[in-house]
Amino acid sequence: GENPPPAISTGLFVAKRLRTLTFASEMAVQFIGAAIGGLLVRCVVPESHLEALEGEAATFEVVGLLSGKSAWRLFIWEALSTASVVFVYFATAVDRHNLVYTKNMFPLAVGLAVTAGTLSCGPFVGVCMNPARAMAAAIAYWDISGLWLYV
């Protein structure tokens, strides 16, 4: 089985397609895994490499390091890109009427939605589209000040 990201799990829960216990356990596992991943990055990657990634020349942005960007602008970009992925997931993998036609295509459609969100929003705000991923990066940099965007 698959383990969808928190936004899709939340959508499934709101649509009553996921039980409360399953939803809670999936969320807990995703965030615990992200915390462990962030700590592993912190332990394995040398401090000089982590410092080199900070700032304007970063290859990816940590949500906590807003670097002068408007937090609301970042929130809107994240919400739009995440909503597009959730919409495509529901339209291709959850909707029973379309499932006959999209049963084998939904992984490609969701992957393309993630790619489109990353390419369209990434250059502007360093989009994460996954609260667990944002949490892992924030832990790796010891900066959780921007995680309120995902709550």
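V85 meets all of the listed conditions (1) of a type in the set (A, V, I, L, M, F, W, C); (2) at pLDDT below 80; (3) under 23 Å from A15 (Cα atoms); (4) part of a helix (DSSP H, G or I) but one, namely (2). Residues that are at pLDDT below 75 and over 19 Å from L74 (Cα atoms) were ranked within the stretch 98-139; the one that is least open to solvent (accessible area, probe 1.4 Å) is T102. Here L65 meets each of (1) hydrophobic (A, V, I, L, M, F, W, C); (2) on the phi < 0 side of the Ramachandran plot; (3) modelled with pLDDT of 75 or more with one exception, condition (3). The number of residues in the stretch 95-112 being more than 16 Å from P6 (Cβ to Cβ) and assigned to a helix (DSSP H, G or I) comes to 10.
The residues on offer are E54, E26, and the sole one that is of a type outside the set (A, V, I, L, M), modelled with pLDDT of 75 or more and under 21 Å from the mean Cα position of the chain (by Cα) is E26.
In the stretch 31-49, the residues that are closer than 12 Å to Y141 by Cα form no Cβ pair under 6 Å with any partner that is part of a helix (DSSP H, G or I) and open to solvent by 70 Å² or more (accessible area, probe 1.4 Å), whether six or more places apart or across chains. Of all residues in the stretch 21-48, exactly one satisfies the criterion of being assigned to a loop (DSSP other than H, G, I, E, B) and surrounded by 11 or more Cβ atoms within 10 Å (Cβ to Cβ), namely V45.
Would you call L18 on the phi < 0 side of the Ramachandran plot and not in a helix (DSSP H, G or I)? Yes, satisfied.
The values are calculated or read from the model by the stated rules, or taken from the named source; none is laboratory data. Quantities reported herein were computed from a predicted structural model and do not represent experimental measurements. No Cβ is skipped: glycine too gets one built from the backbone with ideal geometry, and neighbour counts run over all protein chains shown. The accessibility values were calculated without ligands, DNA or RNA, using every heavy atom of the protein model including side chains. Shrake-Rupley method; radii C 1.70, N 1.55, O 1.52, S 1.80 Å.
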